[in-house]
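See below for the structure under consideration.
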Amino acid sequence: MQKLNTRQRTLAAAIEFSGYGVHSGQPVNLMISSAPIDSGYLICRTLEKGAVTAPVKVHFSRVSRTTLCTTLDLGDGISVATIEHVTSALSGMGVDNALITIDGGECPILDGSARPFAEAILRVGLEIQPAQRKFLKIMRAVTARNNDAFAALEPYNGRSFDLEIDFDSKIIGRQRMIFDWTLRRYYDDVSRARTFGFARDAKILRQAGYALGSSLDNSITVHEDHVLNPGGLRYEDEFVRHKLLDAIGDLSLGGLPIWGRFHSYKGGHALNAHVLTGLFSREDNYEIVDADDLPLEFQAFDEQLEGLTINQYLRPVR
Ligand SMILES: [Zn+2]
């Protein structure tokens, strides 16, 4: 049974979402379905009259913008914004291969977190595929910098994250999160963290065409020393947890799960994309390794998610 843990996984059934883009304010439908071994995450966009673009790999080399969200260029002038919460859920929930089909230019924001995606993935479960999982093992430290902000990938025997943020806001201030990835920890401690913004910025953002779909139902809104959302925060340090959620999504654009440590200070989508560019700029910065060659005890088999054991979540092919 232990060997199943090292095999690739895809969704056991398709999952569908309808909502609005947080920036565009436009309605959109998104489906995530299974994909063959070694596909990674693929994305295609349905156009008018049922036409669909050819699926392309969700990859950092396709990132065209990192202003407030991560936007992918699918070619032929077609783009998809705010992909990071979808890829965060896929990566965080241990999915290797998936096809994302979307009928608009921005992924639905839903509740502003990755929980609706993660919950749907958990509900359908993962199908084990007949190939080894592969990991991107960090061999040399790589750092991307912007003034005092940085994002770094470092060699480490596991999957670890160390993020710190520092906002000029009493309710946020400095927050740090050190996180060793497991399915349960991602689901419980990260996936529910919502995106956030400041009430003082709302007018300027909207005039610039951003945040047109944002509301208290999908974004934490900070005003002076409190949040405007009636229910308050989901975690006391929800802000840094959302930055971790974003980083997990952005880093999955490397194409394979990372085996190493991610370290960032005041990071964001741009630095996350830059550190991947830096990683792939030299071949000796990384190695692609089979899961069988890694100590995978980090993914404990006795974990439970919403009453499901990991063995119930991962389903061998019939
Ligand atoms: Zn986000």
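Please give the contour-minus-distance gain from ARG65 to ASN147: 0.36 nm per residue of separation, less the Cα-Cα distance, rounded to one decimal in nm. Display every interim value, and only then the final one.
Values: separation 82, 0.36 × 82 = 29.52 nm, distance 1.98 nm.
Roughly 27.5 nm would be gained on extension.
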Report summary line: For the chain, the percent of accessible surface on carbon and sulfur atoms (probe 1.4 angstrom, ligands and nucleic acids excluded) is 48 percent
Query raised in the report: Which residue, ALA270, ALA208, ALA12, has the most motion in a Gaussian network model of the chain that connects Cα atoms within less than 10 Å?
Result: ALA208
Query raised in the report: Based on the alpha carbon coordinates of the chain, what radius of gyration and maximum Cα-Cα distance (Dmax) apply, in Å?
Result: 18.6, 56
Report summary line: Applied in sequence order to the stretch 58-72, the curve 6.51 cos²θ - 1.76 cosθ + 1.60 (Karplus, θ = phi - 60°) yields integer Hz couplings, x standing for Gly and Pro, of 6, 9, 4, 5, 9, 6, 9, 8, 10, 7, 6, 7, 9, 10, 9
Query raised in the report: If one computes P(r) from the Cα atoms of the stretch 188-305, what percent of pairs lie at distances over 17 Å?
Result: 68 percent
Query raised in the report: Could you name the lysines in cross-link range of LYS266, using Cα to Cα under 21 Å and dropping any fewer than eight places away on the same chain?
Result: LYS170, LYS243
Report summary line: Residue by residue through the stretch 77-82, the couplings from Karplus 6.51 cos²θ - 1.76 cosθ + 1.60 with θ = phi - 60°, in Hz, x for Gly and Pro, are x, 9, 9, 9, 9, 6
Query raised in the report: Which loop trypsin sites (Lys or Arg not before Pro) in the stretch 223-311, with loop taken from DSSP, have no more than 15 other Cβ atoms within 10 angstrom of their Cβ?
Result: ARG282
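Over the chain, average the accessible area per residue using a 1.4 Å probe and give it in Å², no decimals.
For the chain, the solvent-accessible area averages 44 Å² per residue.
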Report summary line: Full extension between ARG184 and LYS49 adds, at 0.36 nm per residue less the Cα distance, a length in nm of 44.5 nm
**Report entry** Cβ-derived FRET efficiency at R0 25 Å, SER169 paired with LEU216, nearest 0.05
**Finding:** 0.90
Query raised in the report: For the chain, which span is the longest to avoid every loop-located (per DSSP) member of GluC sites (Glu not before Pro) having at most 13 other Cβ atoms inside 10 Å?
Result: 1-223
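Calculated FRET efficiency, ASP38 and ARG176, Cβ-Cβ r, R0 41 Å, to nearest 0.05?
On the way: r = 36 Å, r/R0 = 0.88.
The calculated FRET efficiency here is 0.70.
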Query - Paramagnetic reach from GLN26 in the stretch 46-62 [backbone N under 16 Å; point 7 Å along Cα→Cβ] - result: 46-53
**Report entry** Most fluctuating residue given options PRO257, PRO36, PRO108, as computed from a GNM of the chain linking Cα atoms under 10 Å
**Finding:** PRO36
Query raised in the report: Largest first, how would ARG174, ARG7 line up by accessible area (1.4 Å probe)?
Result: ARG174, ARG7
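For the chain, what is the calculated [θ] at 222 nm in deg cm²/dmol (nearest 500), taking -39500 (n - 2.57) for each run of four or more DSSP H residues and dividing by its residue count? Write out the running numbers ahead of the final one.
On the way: 6 runs with 54 residues, N = 318.
So the helix-based figure for the chain works out to -5000 deg cm²/dmol.
Contour minus end-to-end for SER281 and ASN311, with contour as 0.36 nm per residue of separation and end-to-end as the Cα-Cα distance? The partial results should precede the final answer.
Numbers: separation 30, 0.36 × 30 = 10.80 nm, distance 3.82 nm.
Gain on extension, SER281 to ASN311, equals 7.0 nm.
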Report task. Using Cα positions and a limit of under 15 Å, work out the aspartates and glutamates in reach of LYS134, with same-chain residues fewer than 8 apart set aside. Result -> ASP38, ASP96, GLU287, ASP290, ASP292, ASP293
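The values are calculated or read from the model by the stated rules, or taken from the named source; none is laboratory data. Note that this is a predicted model, so its numbers are computed, not measured. Positions of Cβ are backbone-derived with ideal geometry, glycine not excepted, and every protein chain shown enters the neighbour counts. Note: areas computed on protein heavy atoms with side chains; ligands, DNA, RNA excluded. Shrake-Rupley method; radii C 1.70, N 1.55, O 1.52, S 1.80 Å.
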